[in-house]
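Here the structure is laid out as structure tokens; the discussion comes afterwards.
What follows is calculated from the coordinates using simple rules that are stated; it is not laboratory data. Just so we're clear, the structure is a prediction, and the values are computed from it rather than from any experiment. Methodologically, a virtual Cβ is constructed for each residue, glycine included, from the backbone with ideal geometry; neighbour enumeration extends over all protein chains shown.
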Amino acid sequence: MHLSFWEPLRQLDEFERVVDGLFQPMARRHEGNGRGTWRPAVEFVAEPERYRLRVDLPGVRKEDIDISVENEVLTVRGTRATTTHDGERKVLARETPAGTFERSFRLPEDAEDSELKAAHTDGVLEVVIAKRKAVQPRKIEIANV
């Protein structure tokens, strides 16, 4: 008779490894050259007079970011470059994704897409979109003719 121990934690570890392999985030799916597509984290917030979109882009230069609006859709796209070696330095491990990214957002109806401002500070891109001024009802006086 052979005695074996049931180790549920080991089975959970194996299950987690299999699931991670099936559903790993796009940030870790790279082509053979170490570049691929990735999906930066975002925060899209409504404030009383504006909308504010923040995109986490550490290591991405502002020259490598493109922001556009077309048909009420705001698109942020760009590239984070990577190097495999730099002179005598060789990268042994990399968990930072590289390659191209693109995020698109349908703007709310009251967004004024002609009033956009963008800033890139400390690895965070911030896009501010003004809200349209609410049209207030007004009373029309009837003239005596």
task = Provide Ile67, Ile129, Ile140 in ascending order of the number of other Cβ atoms located within 10 Å of each residue's Cβ, fewest first.
result = Ile140, Ile67, Ile129
ask   = Can you list the aspartates and glutamates whose alpha carbon is less than 14 Å from that of Lys131, not counting same-chain residues fewer than 8 positions off?
value = Glu47, Glu49, Glu72, Glu109, Asp110, Glu112, Asp113, Glu115
inquiry  = Highest mean first, how do 88-101, 49-62 rank when packing is the count of other Cβ atoms within 10 Å averaged over residues?
reply    = 49-62, 88-101
FRET efficiency for Glu72 and Arg138, using Cβ-Cβ distance with R0 set to 22 Å, rounded to 0.05 = 0.20
query = Given labels modelled 7 Å from the Cα in the Cβ direction, how far is it in nm from Val128 to Arg61?
reply = 2.7 nm
query = Gain in length, Asp113 to Glu88, computed as 0.36 nm per residue apart minus the alpha-carbon separation, to one decimal in nm?
reply = 4.2 nm
Fraction in percent of alpha-carbon pairs per bin - 10 Å, the range 86-145 = 13, 24, 21, 15, 12, 6, 4, 2, 2, 0
task = Take the Cα pairs of the range 31-145, get the Kirkwood Rh, then feed it into Stokes-Einstein at 4 °C and 1.567 mPa s and tell me D in µm²/s.
result = 77 µm²/s
